[in-house]
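Worksheet: the structure to be examined is printed underneath.
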Amino acid sequence: MTSSLDLQALVDVLGPRFAEGAAERDAGDVFVAGHYDVLKQHKVFSALVPTELGGGGARHGDMCAFLRRLAHFCPSTALALSMHQHLVAAAVYNDRNDRPGRALLGRVVADEVVLVSTGANDWMESNGTVERAEGGFRVSARKPFCSGAPAGGILVTSAPFEDPAEGWQVLHFPVPFSAPGISLADDWHTLGMRATGSQTVILDGVFVPDAAIVLRRPRGRFHPAWNVILTVAMPLIMSVYVGVAEAAARIAGEQAKRRQGDPTVPYLLGELGNHLTMAQLAWDDMVRLARDLDFAMSLDLTSAILTRKTIAAEHILATAEKALEVAGGAGFYRGIGLERLLRDAQGARFHPLSAKHQHRFTGRVALGLDPIADTA
């Protein structure tokens with residue numbers, strides 16, 4: 001069973017295997033299905049689940065380091081895996097703090113079930129239609145950006161419901177991919193991270209029993225649950241992009257040795273190093289603040305995490321762009337791999353919160369206001 005003691009050894013074994021065919025998968029938008037099979041064999045999907053619940057007992061920080069290193073070899077595999085791991089991490093935190101989470105962890109342990117999230121795109125409002133049905137609800141919606149969807153076992157999602165007594169709410173629930181009415185749009189044809197399988201999941205009258213609803217929250221208002229989700233998720237997700245930046249910097253360094261006669265190269269390498277260091281420092285502090293899931297959730301902590309996410313993303317993008325400048329014309333060729341990393345790095349800007357939304361969130365928290373809603 002994979003544990004926090006051997007995750008780093010495992011990535012050095014699997015990484016070179018996963019790197020094979022990366023360019024071909026990128027060119028053809030081919031999901032990394034075979035990698036998922038290997039990760040299941042090594043019980044990586046249950047690695048974060050505590051040992052007393054049958055999992056590998058890996059620490060949150062160790063999984064962050066695993067994803068960072070894995071991204072050196074296959075960013076798409078690392079990013080898709082991070083989406084599963086942040087749901088597991090949130091469930092572990094909730095279980096430790098006497099909130100629902102253990103049942104989901106049990107399903108992951110039982111069969112290395114892949115969890116697929118729609119949370120970031122749904123954010124405060126969520127989307128879709130929900131109608132009352134006997135014993136539950138009927139949900140119809142289109143949920144884009146569902147990384148790992150082709151291998152998904154359980155969709156962790158939400159939808160808005162106008163409760164006759166309480167008004168507009170957002171219902172959060174897991175639903176198996178095997179449920180009637182769930183299908184994939186096969187629409188993941190993108191600039192970067194092309195092998196993540198982040199397709200739109202379509203729900204067409206999917207039945208969700210009352211017992212499956214794990215959270216009801218007011219629609220359009222910030223809920224404390226996001227303090228957990230964002231704090232555990234952002235260090236994991238940004239681990240991948242830091243790995244992408246490091247891989248780009250490595251290629252740039254190799255190309256720079258061929259351009260030593262150019263007097264600008266040392267300056268460019270110095271700039272590159274500064275950008276990469278800033279990204280690494282911001283990521284390091286995100287991991288520190290998450291405290292291996294031993295944190296007290298709060299708006300101030302969430303704001304701090306999101307601030308560091310923006311700093312990391314800006315410098316990851318700057319690192320990738322500077323790496324191309326360091327490499328010179330050679331970097332323009334797809335064969336050296338830098339072009340693909342530059343495209344993959346663009347995804348860092350889209351994970352929540354994007355820069356301007358983060359600025360507003362952090363500013364409102366500093367003013368003692370609700371971070372999202374304009375009304376008190």
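Quick note: the coordinates plus some simple rules give every number you see, no bench work behind them. This one's a predicted model, so the numbers in the text were calculated from it and none came from an experiment. Counting neighbours? That spans all protein chains shown, and the Cβs are built from the backbone with ideal geometry, glycine included.
Table for the structure above
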quantity	calculated
Cα-based Rg and Dmax for the chain, where Dmax is the largest Cα-Cα distance (Å)	20.7, 75
Distance histogram for region 148-194 (every C-alpha pair counted, 10 angstrom bins, percent rounded to whole numbers)	20, 36, 30, 11, 2
Karplus 3J(HN,Hα) series, Hz, for region 186-197 with 6.51 cos²θ - 1.76 cosθ + 1.60 (x for Gly, Pro)	6, 10, 8, 10, 9, 5, x, 6, 6, 9, 7, x
Per-selection metrics, region 198-334 (Cα): Rg and Dmax in Å	20.5, 69
Estimated D of region 132-216 in µm² per second, where Rh is the Kirkwood radius over Cα pairs and Stokes-Einstein applies at 37 °C, 0.692 mPa s	241
Net dipole in debye of region 150-287 [+1 Lys, Arg Cβ; -1 Asp, Glu Cβ; about Cα centre; nearest 20]	320
Fluctuation leader among GLY101, GLY136, GLY148 - the chain, Gaussian network, Cα springs under 10 angstrom	GLY136
Candidates THR77, THR231, THR362, ranked by Gaussian network fluctuation over the chain, Cα under 10 Å, top entry	THR362
Rg(Cα) / (2.2 N^0.38 Å) computed for region 7-113, rounded to two decimals	1.09
Centre separation in Å (Cα based) which lies between region 106-156 and region 34-89	20
3J(HN,Hα) from dihedral phi, region 96-108, Karplus parametrisation 6.51/-1.76/1.60, rounded to Hz, x for glycine, proline	5, 10, 6, 10, x, x, 5, 4, 5, 4, x, 6, 5
Cα convex hull of region 63-162 - mean projected area over all directions, nm²	8.0
